[in-house]
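Have a look at the structure below, then the notes.
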Amino acid sequence: MAKASPAKKPPSKSEVMKAIAQATELKPKQVAAVFDALTGEIKKALSARGPGVFAIPGLVKIIKRKKPAQPAIKGWRNPFTGEIQDKPAQPAKTKVAVRPLKALKAMA
């Protein structure tokens, strides 16, 4: 019986930065600056004044969604235990969804 190979570890942040720097012939500090700029653009797009959507072309679409407040429910039945209990109210919240685009789906 053959042994199962150990699971591969995902690349670390520094490994990703080095790989991109080698592929693009840029310095690692320049690659880090590009990632910082991208982070800033995503933050602007998802802020209260932004459109709430940011797309990295060919990879992902980041969407901000507002989930309304949920009222409290008395006599709610827990679907896991079957126990009758009171469900507390939930405040309104903002969720961030990351959807893969067609090109990313084709890579997997």
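The values are calculated or read from the model by the stated rules, or taken from the named source; none is laboratory data. Model, not experiment: these values are computed from the prediction. Heads up, the Cβs are rebuilt from the backbone with ideal geometry, glycines too, and the neighbour counts pull from every protein chain shown.
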- Task: Of all residues in the range 1-24, count the ones that are part of a loop (DSSP other than H, G, I, E, B) and closer than 23 Å to R99 by Cβ.
- Result: 2
- Message: List pairs: first residue in the range 25-48 and farther than 24 Å from V96 by Cβ, second residue assigned to a helix (DSSP H, G or I) anywhere in the structure, Cβ distance under 7 angstrom, at least six positions apart or on different chains.
- Response: K27/A21; P28/M17; P28/K18; P28/A21; V31/M17; V31/I20; V31/A21
- Message: I'd like to verify a number: residues in the range 98-108 that are without any contact (Cβ under 8 Å) to a residue 40 or more places away in the chain and surrounded by 10 or more Cβ atoms within 10 Å (Cβ to Cβ), how many?
- Response: 2
- Query: Does the range 40-91 hold any residues that are under 20 Å from the mean Cα position of the chain (by Cα), surrounded by fewer than 10 Cβ atoms within 10 Å (Cβ to Cβ) and at pLDDT 95 or above, and which are they?
  - Reply: none
